[in-house]
2 protein chains.
Amino acid sequence: MAPPKSPGLQTNMDVDYVICYRFTSADRSEATAQFEKLTKALQSVGLDTEVRNGASQSLLVFVKVASQEHLYGEVFRSRVKDWIHGVRAAAPKKETKEALESDPLNEAERLRIIYQLITNSPTEGGAGITPKEGEWKNVESIFALHDHAYNKEWIKKWSTAYFLKAEDLDAIRDRLGEKIGFYFAFTQSYFAFLVFPAVFGFSAWTLLGQFSPVYAIVISLWCIIFTEYWKHQEYDLAVRWGVRGVSSIETKRKGFQHEKEITDPVTGETVKYYPAKKRLMRQLLQIPFALVATIVLGTLIATCFGIEIFIREIYNGPLQFVLVFLPTGILTTCLPILTAILTNFASQLNSYENYETDSSYETAFTQKIFVLNFITSYLAIFLTAFVYVPFGSWIIPYLDIFSVTVKPFAENEQQLKAPEEGFTINPDRLRKQVIYFTVTAQLVNLGMEVVVPYLKRRGFAKFKKMQSDRAAKNGGGTADVAANDPPEEAAFLARVRNEAELDVYDVTTDLREMVLQFGYLALFSVVWPLTGVSFLINDWVELRADAIKICVEMQRPTPWRADTIGPWLDSLSFLAWLGSITTSALVYMFSHDGVGHVGTPADIKAWALLLCVFLSEHAFLLVRWAVRIAIGKLDSPGRQKERRERFLVRRKYFEESLAALEHAPKQYGEENVALATGEDGVKISRESLEEEARRQSEHGMSLEERFWGRQKGWRECAEVGKRLIERASTEAGEGKKEQ
Amino acid sequence: MAPPKSPGLQTNMDVDYVICYRFTSADRSEATAQFEKLTKALQSVGLDTEVRNGASQSLLVFVKVASQEHLYGEVFRSRVKDWIHGVRAAAPKKETKEALESDPLNEAERLRIIYQLITNSPTEGGAGITPKEGEWKNVESIFALHDHAYNKEWIKKWSTAYFLKAEDLDAIRDRLGEKIGFYFAFTQSYFAFLVFPAVFGFSAWTLLGQFSPVYAIVISLWCIIFTEYWKHQEYDLAVRWGVRGVSSIETKRKGFQHEKEITDPVTGETVKYYPAKKRLMRQLLQIPFALVATIVLGTLIATCFGIEIFIREIYNGPLQFVLVFLPTGILTTCLPILTAILTNFASQLNSYENYETDSSYETAFTQKIFVLNFITSYLAIFLTAFVYVPFGSWIIPYLDIFSVTVKPFAENEQQLKAPEEGFTINPDRLRKQVIYFTVTAQLVNLGMEVVVPYLKRRGFAKFKKMQSDRAAKNGGGTADVAANDPPEEAAFLARVRNEAELDVYDVTTDLREMVLQFGYLALFSVVWPLTGVSFLINDWVELRADAIKICVEMQRPTPWRADTIGPWLDSLSFLAWLGSITTSALVYMFSHDGVGHVGTPADIKAWALLLCVFLSEHAFLLVRWAVRIAIGKLDSPGRQKERRERFLVRRKYFEESLAALEHAPKQYGEENVALATGEDGVKISRESLEEEARRQSEHGMSLEERFWGRQKGWRECAEVGKRLIERASTEAGEGKKEQ
């Protein structure tokens, strides 16, 4: 790897983490005391510290592990915990250095363990520093430094490769942890799977046209196979990365508020307790929340929809070509605001539900976010397909209420009225809308993700420079924070100050984007079969753009572990299922005249539509069941690896235990061993037993003893059996003769 | 416990198992050689044998464990295996006697282990005796002897108790093993749950009448709760009985035929292999099988149905009241025959599918049997509800073809023709049919289960007696098999000869019966809400009748383990789901005029029916999802026990491993331990490090070393931080003042 050119990027100074400590001039003495506590806490868990000036009233505390041996101890402790929870098949080797040679420590594991050392509570052996919370409210962030040489290489490699290999994903995982690794693996897998709908969609588009039943069936099947195969692959990856089962290691959520302390019936320890019933009552608030969200967002979308229809189809006054963008304008302004408000509300509701563990908190939040996103992403198309098209002619007359929006521009009343001769709906509207959501919106989104933060960052830097310039001009009192930097560190510190200003990367946002994209494919791609092509191109760029985003625009993410993409998997299954309903309904409603429009509900037979949906859905469920079984039977390297590991451990334990057995019976006397080991031994022991039997008979034997004493050893038993067989056979022979 | 009165029932002579060895006079020498091999094989695994004469050309080989220590060794081996497969949380104690004191050996475990000792292959440490197979074709059966004192007590206790307690089920499990224990637990749980539909059904019947939507909703909800709760309970029971996870211990099926031997990629051992693809091809034969079964059984049922309708509704000639039973006659004759043929065919198909493990074989067979039973049990009602009632008037005219069946009895053609004035369907037919299946058929079935085998056994004994009497009269050559019995054993041997003739108990038959009964409740009870009452009474008797059946009419079953009722659970879920569809359809079709009949399809709106079904099904799925989550959150003693065990094991391992860690770092020098243990230690070690740093600086330090060398220890770091904070605050203050 060629070192980066900028001197500040060449070295990370062996720094493991940087803690950004921000203070205000008001609480100087408190800030000082807190800072002392901070360094003391860090040192107490074996971390070295160095402090430097940060930007605008902050300090940068550089943290590194003081001794490798101490770190090894922590690694060992973490690995033992994994083993006990079943994540590792075998116990880690006790000699930590040896263990690390046979099972090397990658950067993600190292950084995760150090991060936990900083943030875990003192009872768990950490320093207990929780950014922005409680007594550590001055600690703004804890972040690792980017490895610029690696980042450069990474982006270079990816931007020249068509497909990512398993090694590329492994490299991501080694650097950024399994959670982000899973995002890239999922997106890559989705990208690879997209080749099929892209090719097939293109063929269908040229040969079959829109609303083809064949396309609908194939795409539903594809959705099933992709979803089920990803589950299979996810398991495999988790084994490959050695994280299978980590989601069962629960971490207590810091924000959890207990009602009382009870003695855990399991562990006997005093634990913080919050009654599940109370939580359930709070969770029930989700129902009104979902309703309110649906009504609020639905009303906004439906209103804009109505206005647009009104302007586009009814209004024929001046400025129509401009006014037509009015609803889009309203939507793009109001929707993000409303979504932000509702997301904030969802987050508060989620905190109010008071989950005990981080994972349950995250799952619940993801579900809420999915509901919000479902509405904002798909409702408009649902309205067009299932309200506008079938009931258009019924509804249009009622759209007069929206005339207020354009009244100022109308020259006369006539321009605000629907034409008398009957109104025909716009047959192309559905297709255009799908194209908008699957092409335009995706591109806009991609741009927002990469370009906007870049501009924001540049603008922010410029603003700051202006500010400090002005301050310098005004009096020079507020000196540059970098003024006292040692010259050989200046470039490095400047870079760290930059990284401290960056945003924190949240992988769930990116995952959500992919899942919602999959939704368009599952729900509506039958309207416009080229959807797959658009997504294929988009996702190739997306994967690279995300890599750039992580490298350039975000702080280096703390590497967390995961063994699944979590609740998004349920979202995928749900969307695929819903797709079987919408797709069949769309095909039934639009395919019968080839062009795809009806306008009045008279042509649609409700029973046929429902039958179509009913059959399609049940076929979907049946096929999914079959595919699930079939894919469940596939073997894979990861599964083999897991079985091999478990087998080896089992054999080892079994052999150890049986070795113990070999020695055990000796206590009870030699003859028992002989009895257990075979024929010759039996004879010898038999003799002694017979001896005993004879002795006993002198005292009188029990019924049972006499029963068992009639035949001695297997030879006598076989002999008696032989005689009985012979007699029976002879008698049978005689019987026959006599007859 | 009072001992039984009959002397033969008072003792089991310490016999663990009886092997019934049957031979024909033709192969006398072979039989003798085989018998010798048998006794030798038994002795080689540490079992004592005694042989006695059996009935009609058979020998009874009595088997008992030769030494307790040998048995303990086997128990230990079995428990180690359990532990390694995760069934036990902790490794069993090595001293087997101690282990047996802390965790006593119940009779079921003892008998299971001895049975496995007899039947397991020699490579697994058994004698390899497989009844009726291969070289052991003369071994007719291997069975344990009934414990008559216990049996008497058991039946007495149950027949006087309304409800069974957990202890009663534990007693069953201790005697008969977990598999049978699960059947009784399931039936008991189902019985307890039935109280609700019985009470509610009775109220609905008096207050709401038939086809009440309220009843339909409540019963669907009940089905969901029962199914999900049973899953929850099943888990709990499995933990209580210490068998959680045993289904993952796969046993190789003896009938498995391999195509080639390959090296297992996991274990490195040579294993027998049969390609999954080939099996899949064979499994696809299930589709034509299901089709053929449906057509064959369906045709029979539909034909009898048609004939019955014809005779009952159209035919008005003589003997109608007799002829009306003709179709029932045909059905009761042909259906069992056809079912037996198809079951046999299913069994062959299942063997042909060549499963590798016993459990997969059993699951596949259960599924096939369920399909057959589904058709025979429910098709008739489906025909009435969804064909006869809605399409009756259309179909009736075509029933003329069945006139051939009664032509001989008709006096004129007119009697074979439908009345001209239009035909009305019989509105009460559906209800009568449901009552037939839920009351009459259940009673008949119960009778068949208990009475018929009793009569059969009595008849058989009489026949035998007659035969031997005749033989004795003819010449006295064929002596009574009991002639040479020692007088004190005579009663015992007579009893054993009786038990040898009994049937083998198959618990799946009884389970199937319960599941199919549940099906009537889920699918059709809305027709006749008293269904629950009938089942409640029936099942109280059923539970006791099954106990009697096991005690009196069957050989003592070999106690097998299980941690679930297996594939029947899926059947329950499936029936509950289907119930949501049929119930809503029945309610829609029949409830609107209160009486419940329509006759012509004109009154039924297809779209409304479909919408009703669609909504009902999705409501069902939604509620099931919610109930599943809610029930999944319930805690239970079993779950607590499991968690406690796992926690204790974890803590033990964790402490052991960390004890190792405490000692490990010493190797790397004392100062590291100091570093890891806190502040004071740090200071000391710091000094030595500083010393080293100074030494290094003489040779020139790297950039990184200089970076980390600026502040020594946390106190210096805190000091520097304090100064920086103060400066920044002062500057900020000055900046403000200047502004």
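The values are calculated or read from the model by the stated rules, or taken from the named source; none is laboratory data. Predicted, not measured: the structure shown is a model, and the values here were computed from it. Cβ: placed from backbone, ideal geometry, glycine included. Neighbour counts: every protein chain shown.
Observations, loosely collected:
- Residue match in segment B:197-214 (condition: surrounded by 21 or more Cβ atoms within 10 Å (Cβ to Cβ), in contact with a Lys or Arg (Cβ under 7 Å, 6 or more places away or on another chain) and part of a helix (DSSP H, G or I)): no
- Any hit, segment B:86-95, residues being at pLDDT below 85 and assigned to a helix (DSSP H, G or I): no
- Flag if B:ARG628 is among the basic types (Lys, Arg), part of a helix (DSSP H, G or I), at pLDDT 90 or above and out of contact with any Cys (no Cβ under 9 Å at 6 or more places or on another chain): yes
- Which listed residue is more than 12 Å from A:ALA41 (Cα to Cα) and at pLDDT 85 or above, from A:GLU107, A:GLU133, A:GLU101, A:GLU124: A:GLU107
- Screening A:LYS132, A:LYS81, A:LYS179, A:LYS93 for residues that are assigned by TED's automatic domain parsing to the domain that holds A:CYS551 and of a type outside the set (S, T, N, Q) leaves exactly one candidate, A:LYS179.
- Identity of the residue in segment A:708-729, in contact (Cβ under 8 Å) with a residue 12 or more places away in the chain and either assigned to a helix (DSSP H, G or I) or in contact with a Cys (Cβ under 6 Å, 6 or more places away or on another chain) (or both), that ends up surrounded by the most Cβ atoms within 10 Å (Cβ to Cβ): A:TRP714
- For beta carbons closer than 9 Å, sequence separation of 6+ or different chains, a first residue in segment A:402-431 that is more than 24 Å from A:ALA385 (Cα to Cα) and a second that is at pLDDT below 70, the qualifying pairs are A:VAL406/A:GLN415; A:VAL406/A:LEU416; A:LYS407/A:LEU416; A:PHE409/A:GLN415; A:ALA410/A:LEU416.
- Condition check for A:ALA545: in a helix (DSSP H, G or I), under 21 Å from the mean Cα position of the chain (by Cα), within 28 Å of A:GLY447 (Cβ to Cβ) and away from chain B (no Cβ under 14 Å): yes
- Contact map, segment B:612-631: residues that are within 23 Å of A:LEU610 (Cα to Cα) and more than 10 Å from chain A (Cβ to nearest Cβ) paired with residues that are surrounded by 16 or more Cβ atoms within 10 Å (Cβ to Cβ) and among the β-branched types (Val, Ile, Thr), Cβ distance under 8 Å, separation 6+ or inter-chain. Pairs shown: B:SER616/B:ILE581; B:SER616/B:THR583; B:PHE620/B:ILE224; B:VAL623/B:ILE224; B:ARG624/B:ILE224.
- Single match in A:PHE524, A:PHE460, A:PHE492 (criterion: touching a Gly at 6+ places or on another chain (Cβ under 9 Å) and either on the phi > 0 side of the Ramachandran plot or modelled with pLDDT under 90 (or both)): A:PHE492
- Residue match in segment A:236-253 (condition: among the aromatic types (Phe, Trp, Tyr), within 24 Å of the chain's Cα centre (by Cα) and part of a helix (DSSP H, G or I)): no
- Residues of segment A:236-276 satisfying the condition of being under 19 Å from A:GLU124 (Cβ atoms) and within 14 Å of another protein chain (Cβ to nearest Cβ): A:SER248, A:ILE249, A:GLU250, A:ASP264, A:VAL266, A:THR267, A:GLY268, A:GLU269, A:VAL271
- Looking only at residues in segment A:277-311 that are within 14 Å of another protein chain (Cβ to nearest Cβ) and out of contact with any helix residue (DSSP H, G or I) (no Cβ under 9 Å at 6 or more places or on another chain), the one that is modelled with the lowest pLDDT is A:LYS277.
- Annotation: of all residues in segment B:17-28 being within 9 Å of chain A (Cβ to nearest Cβ) and not in a helix (DSSP H, G or I), the one that is modelled with the lowest pLDDT is B:THR24.
- A:PHE386 crowded, with 16+ Cβ neighbours inside 10 Å and more than 30 Å from A:PRO275 (Cβ to Cβ): no
- Matching residues in segment A:221-273 - criterion: being among the polar types (S, T, N, Q) and at pLDDT 90 or above: A:THR227, A:GLN233
- A:PHE321 being among the aromatic types (Phe, Trp, Tyr), out of contact with any helix residue (DSSP H, G or I) (no Cβ under 9 Å at 6 or more places or on another chain) and assigned by TED's automatic domain parsing to the domain that holds A:SER377: yes
- Per-region count, segment B:29-63, residues farther than 16 Å from B:ALA500 by Cβ, more than 7 Å from every other protein chain (Cβ to nearest Cβ) and assigned to a strand (DSSP E or B): 1
Results for (1) farther than 30 Å from B:ARG497 by Cα; (2) within 11 Å of chain A (Cβ to nearest Cβ); (3) polar (S, T, N, Q), shown as yes or no for each residue.
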residue: B:GLN68; (1), (2), (3): no, yes, yes
residue: B:ILE84; (1), (2), (3): yes, yes, no
residue: B:ALA90; (1), (2), (3): yes, no, no
residue: B:GLU109; (1), (2), (3): no, no, no
residue: B:ASN120; (1), (2), (3): no, no, yes
residue: B:GLU124; (1), (2), (3): yes, no, no
residue: B:ALA127; (1), (2), (3): no, no, no
residue: B:THR130; (1), (2), (3): no, no, yes
residue: B:GLU135; (1), (2), (3): no, no, no
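- Residue match in segment B:143-157 (condition: crowded, with 16+ Cβ neighbours inside 10 Å and at positive phi): no
- Unique match (being farther than 30 Å from B:ALA482 by Cβ and of a type outside the set (S, T, N, Q)) among B:VAL515, B:VAL504: B:VAL515
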